[in-house]
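A short write-up of the structure that comes next.
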C-alpha cells in the first residue's frame, strides 16, 4: 500500500518505523495491566459466594485474599507504568524522527514556497502539531487497544456463561455512544471555524506586539487594542460556547457509560427470582461487569481527539508531500563561473512572472538588473539560487544546469545578499561564521574588518561574544546588513548576487555598506538588483525588465540611446536625487 493511500494514523505509525517493537511491548503490558485489574473483582466474588452459600471463611483465607488483591493492584500499577514508559519512549523517538524528516523536507522545498507560507505556519507544524501527536503514540494507541480488548474479553466470558447477562451488561453502551457521537458531530462542524478563530487571534496578537512602536508613536493604541481585544474575545466566546455544548454530552456519557449494571442488576435480579439464573452466576456477572466501566470510559474519552489529530496529521502531510525542487547531483564541475539564462519562463501561482528571458553574464563581470517594482528583476535573481524550479528553459553556471547540482553545491558557488537580513540569537562571531563554519576566529575577524563591522562589534557589551538578540534586534539595520556582508566575504563564493542590499539604509550606513560591498565583489561574477540607477552606471551590462520580459540589455550609455523606457527610469531617478524640501525660516515671535 502506498503512503498516499493510507489514512492519517497509518502514516504516523509508519514514522514510528524501527520503534514498532516497543509499541507492541507497550500495548501488551497495558493490556495485561487491564486484565489484572479484573482480579480484585473476581477475588471479591469468591468471598461473596462463600458468604451466600455458607462456605468456610477463615482468617487465613481472608489474609490470602487480601494479599492477592494487594498483589494484583501492585502488579496492575507496575505493568501500566512499564507500558507507559515504553509507549512514551516510542512517542518521543518518533516525534524526534518526524522533526528530523520535517527539517530535511524543508531543505528540499522551494524557498519561495516556504516564504509564501510563512515561518509562523512552519513553526506551528514543527512544534505544536507534531507535539499533539504525542497523545496518539503515547496514549491513544497503547492504551486504547487494551481498553478495547479488555471489555471484549469480559463480554466473551459473559456470553459463554449466560448470553442474557452479556447483553444486559452492554445496556449502558448505546447511551454513551449516542452522547459521544452527538458531541463529535457537533465538534466536526465547529472545528474549521475554531481553527480559523484561533488563527485570527494569533495573527492579531503577533501584529499587535510587533507593531507596538508604531502604535504608540501614532497614538493608535485604542483602535489597535480594540482589534486585539475583539479577536481574543471572539475566540473565547466561540470556545466557551463549544465547550458548554460539549459538557452536557460529557456529563451523560461519563455518568451512564461506566454504569454497566444499569440493566444487569434489575433484570438479572428478576431472572434470579424467577429461578432461571443461579445466584453465583448473577453475582459473578455483576462484579465482572463493574470491572469494565473504567476501561470503557477511558476508551471513549480518546474519541474526541480523533478529529483534532486527523486535522493535525493532514496539515503535516501537506509539507511531507510537498513538491520538491528538482536537483540531481551529477558531479560535473562548471568550466567557469559565467551564467546563462536560456529561454527561461516561470509562473507563480499560475501567473507568468518571467517570460522567455535569455541573457548571459560573463565571468568576473558586473551585470545589473533594473526595472519598475513588479517587473520580475528580484525573481530573476532568486531563480539562480533555486528558490523555485523554472517552468521552461535552463539556467546554467559554467555550462552546467543548476538542476544538475545539489542545493549544497550550488550554494557553495553563490552568495546571496539581500535587504532582508536575519541574525540568530547567538554570539556575533558565530553569526558571521555561518558563512563558512570551519573558519577560524582570525578569519572571521578579518571578514568583519573588510565589511566595516569590527569597530561597532568591539563597542558592544561583550565584543564578538555579544549575542545578536532575537532576529538580531540588539543591532541597528545598518549593522545587521554589514554583518550579513561579512558572512558573504567569509564564504568567498565566486558568484555574488546583491538584491537591493542598500535600499532601506540611511545615507551614513549606505556609504559604509557600499565600502563593505566593494571588498566583497573584487574578482567575482556579480549580479546587482538595483533601484538606484546611479549606483550601476559603470556596470558591464544592464538588463531592463518590464512585466517579466527582458526589454533591452546593454551598457548605461547604450540603453540611454536606444531605450525610451530606460531613459524614463533614469530621468525619474535623477529627479529624485535633486528633489529637496525648501524650509523657510520661522518668523520670530
| said: Being assigned to a helix (DSSP H, G or I) and at pLDDT 80 or above: is that true of residue 92 here? | reply: yes
| said: Please verify whether residue 355 is assigned by TED's automatic domain parsing to the domain that holds residue 553, surrounded by fewer than 20 Cβ atoms within 10 Å (Cβ to Cβ), touching a residue at least 60 places away in the same chain (Cβ under 8 Å) and more than 19 Å from residue 523 (Cα to Cα), treating the condition exactly as stated. | reply: yes
| field | Failed item, numbered, when residue 335 is tested on (1) within 20 Å of residue 109 (Cβ to Cβ); (2) out of contact with any helix residue (DSSP H, G or I) (no Cβ under 9 Å at 6 or more places or on another chain); (3) exposed (fewer than 13 other Cβ atoms within 10 Å of the Cβ) | value | (1)
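From 176, 171, which residue is under 41 Å from the mean Cα position of the chain (by Cα) and within 30 Å of residue 270 (Cβ to Cβ)?
Result: 176 is the single residue among 176, 171 that is under 41 Å from the mean Cα position of the chain (by Cα) and within 30 Å of residue 270 (Cβ to Cβ).
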| task | Give, as residue ranges, the helices (runs of 4 or more DSSP H) completely inside the range 292-395 that count at least 1 residues that are more than 20 Å from residue 417 (Cα to Cα). | result | 293-301, 305-320
| request: Working carefully through the options 269, 273, find the one that is surrounded by fewer than 17 Cβ atoms within 10 Å (Cβ to Cβ), in contact with a helix residue (DSSP H, G or I) (Cβ under 9 Å, 6 or more places away or on another chain) and at pLDDT 80 or above. | output: 269
| field | Considering residues of the range 458-473 that are in contact with a helix residue (DSSP H, G or I) (Cβ under 8 Å, 6 or more places away or on another chain) and either assigned to a loop (DSSP other than H, G, I, E, B) or on the phi > 0 side of the Ramachandran plot (or both) only, the residue surrounded by the fewest Cβ atoms within 10 Å (Cβ to Cβ) | value | 463
| query | Which condition breaks for residue 565 when tested against (1) modelled with pLDDT of 85 or more; (2) surrounded by fewer than 19 Cβ atoms within 10 Å (Cβ to Cβ); (3) touching a strand residue (DSSP E or B) at 6+ places or on another chain (Cβ under 8 Å)? | reply | (1)
| query | Just checking, which of 60, 26 is farther than 19 Å from residue 288 by Cα and free of Cβ contacts under 8 Å to residues at least 12 places away in the same chain? | reply | 60
| note | Picked from the range 370-384 (must be surrounded by 20 or more Cβ atoms within 10 Å (Cβ to Cβ), touching a helix residue (DSSP H, G or I) at 6+ places or on another chain (Cβ under 8 Å) and under 21 Å from residue 349 (Cβ atoms)), the residue modelled with the highest pLDDT is 384
| Out of the range 446-457, which residues are in contact with a helix residue (DSSP H, G or I) (Cβ under 7 Å, 6 or more places away or on another chain) and surrounded by fewer than 19 Cβ atoms within 10 Å (Cβ to Cβ)? | 454, 456
| field | Selected residue (criterion: farthest from residue 398 (Cα to Cα)) from residues of the range 479-492 that are buried (at least 21 other Cβ atoms within 10 Å of the Cβ) and more than 30 Å from the chain's Cα centre (by Cα) | value | 479
| query | Is it the case that the range 145-167 has a residue that's under 31 Å from the mean Cα position of the chain (by Cα), over 22 Å from residue 249 (Cα atoms) and either crowded, with 19+ Cβ neighbours inside 10 Å or in the same structural domain as residue 89 (by TED's automatic domain parsing) (or both)? | reply | yes
| field | First in the range 95-108 and assigned by TED's automatic domain parsing to the domain that holds residue 313 and more than 18 Å from residue 132 (Cα to Cα), second anywhere and at pLDDT below 80 and outside any helix (DSSP H, G or I), Cβ under 8 Å, 6 or more apart | value | 105/322; 105/324; 108/324; 108/325; 108/327
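The values are calculated or read from the model by the stated rules, or taken from the named source; none is laboratory data. Predicted model only: the values in this text are computed from it and were never measured. So basically every Cβ, Gly included, is an ideal-geometry build from the backbone, and we count neighbours across all protein chains shown.
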